[in-house]
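Below is one structure, written out as structure tokens; the observations come after it.
Coordinate-derived values only; no laboratory data. All figures in this text were calculated on a predicted structure; none of them were measured in a lab. Positions of Cβ are generated from backbone atoms using ideal geometry, with glycine treated the same way; all protein chains shown enter the neighbour counts.
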């Protein structure tokens, strides 16, 4: 029986690769045929893009770490007789973060209704299968007519890693994945099916990975979705997915639903919406079975059922817009957990724009969601953008409250005076780390500031005040301080200068932990709208309550070039 399953998957994988190969060959044949039709037309070939090179020197490195880093990135888009072939790449001789080395490229050729993704990319089939997970491989999106859409992918989801037990990173098998999604549109709606499979490569295991409790997994997800509109004012949609997950594919495969290591779970969601001239009214239900998981998503919340009612409306001649959703969320749906939870869930967004100068936006939600939480302290004191490239450092948020206000005090053709303020409060229950669950963790970020701009002189002055408070299970950390920034353009805006000064005091349980003073100075010069030179220097002085004072400097020298052919401007 196992031999038949292996033969089945082998034939299926070979068939998928064969179909993708035929598609690529056919795409080139289509391109060649189109070339014959386009001969003699103006500009049949167009090329545009850009290249950026940044050299970074940091004085605070230790040990054998090279203080010099080189970062190259660029993009090129080639259009040949209507067929677009975009290519982007990023390369660095330094791995800025442990989990996100970013030496990668992406090639996305497209022609009419066909698009391919080659290299690093991401696709989404469903919230319950492949959902935004990045992969290195091949993806295709076909939209040949108004009725049929097809998406497919195959590639590496995760790179094999030995892990780092000191910093809390578990080792990881190499993980591959492949999937297919197709939808068919008819007169009153559409229906779709999706398939996704992911598996860990256990033929080349990471050393000692079993001793740390990490086993090779395999996942198989099959689902269907639909959306119908029987009359113009009513829409009904739904989705159903089944996920078979093997916790150890050496014991049983994902397709072996009776296997000792394989578990089968379900997820279902449906929504009904009624539209009127005053707005819309809807109701929905979502159930995710306990244990439901997919290897095509970075995060998956399960063991809950949501009943929701939602409404949207516009009031006061469009000056007030309200969107709200209220419902009931229940957990422990199988009565196997020691704790039950039944909450009233809310999601409300109110925007108020009384005039062209003043605007308010209020949002509150206690839905489960994942957010990238970065304290204002990190944003303020980081010297380079590359130090914040770990975009996978998410946190599960239970509640979120955000309020933003903007007031254009004086807006004319010559100058602009504006005031802004924002408050964001988040309650978290879990971070991305496998070792830590941050129950009852609160994040508070607040900022306010004033901006003054002289339009004709290309001058801007801004003063902001930031405050950040993180309540952890065992401590409360706070940081606050002002930021002053000045920008000035010269030589018909080809030469730009910028200066910023910031100070942040940090506290732990209301006891001062230290402070950081950061100064940044930068200039950029643009030549003929294509060439750009930039030089920036950042300096920080950090004082700790232990009496230790450290300072370090980061210097960045960069060059960028934007090109296009046929040429319209001379270099």
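The label point for residue 442 and the one for residue 113, both projected 7 Å from the Cα toward the Cβ, are 5.5 nm apart. Relative to the current alpha-carbon distance between residue 146 and residue 484, full extension at 0.36 nm per residue lengthens the span by 116.4 nm. What FRET efficiency comes out for the pair residue 477/residue 258, r = Cβ-Cβ distance, R0 = 51 Å, nearest 0.05? Result of the calculation: an efficiency of 0.55. If you plug the beta carbon distance of residue 346 and residue 497 into 1/(1 + (r/R0)^6) with R0 = 56 Å, you get a FRET efficiency near 0.75.
Hey, can you rank 459-472, 484-497, 123-136, 289-302 by average C-beta count inside 10 Å, highest first? Display every interim value, and only then the final one.
Details: 459-472: 17.1, 484-497: 13.8, 123-136: 21.7, 289-302: 19.4.
My ranking of the peptides, most packed first, is 123-136, 289-302, 459-472, 484-497.
Counted by neighbouring Cβ atoms within 10 Å, the residues 531, 117 run from fewest to most as 531, 117.
Given their separation in residues at 0.36 nm each and the Cα-Cα distance between them, residue 324 and residue 525 gain 67.6 nm when the chain is fully extended.
Sequence-distant contacts, meaning Cα pairs under 8 Å at least 6 residues apart, place the relative contact order of the range 417-538 at 16 percent. Over the range 204-295, the hull volume per residue, using the convex hull of the C-alpha atoms, is 135 Å³. A simple spin-label model places pseudo-atoms 7 Å from Cα toward Cβ; at residue 75 and residue 550 they are separated by 3.7 nm.
The simple Förster model, with R0 at 22 Å and r as the Cβ-Cβ distance, assigns residue 559 and residue 59 a FRET efficiency of 0.50.
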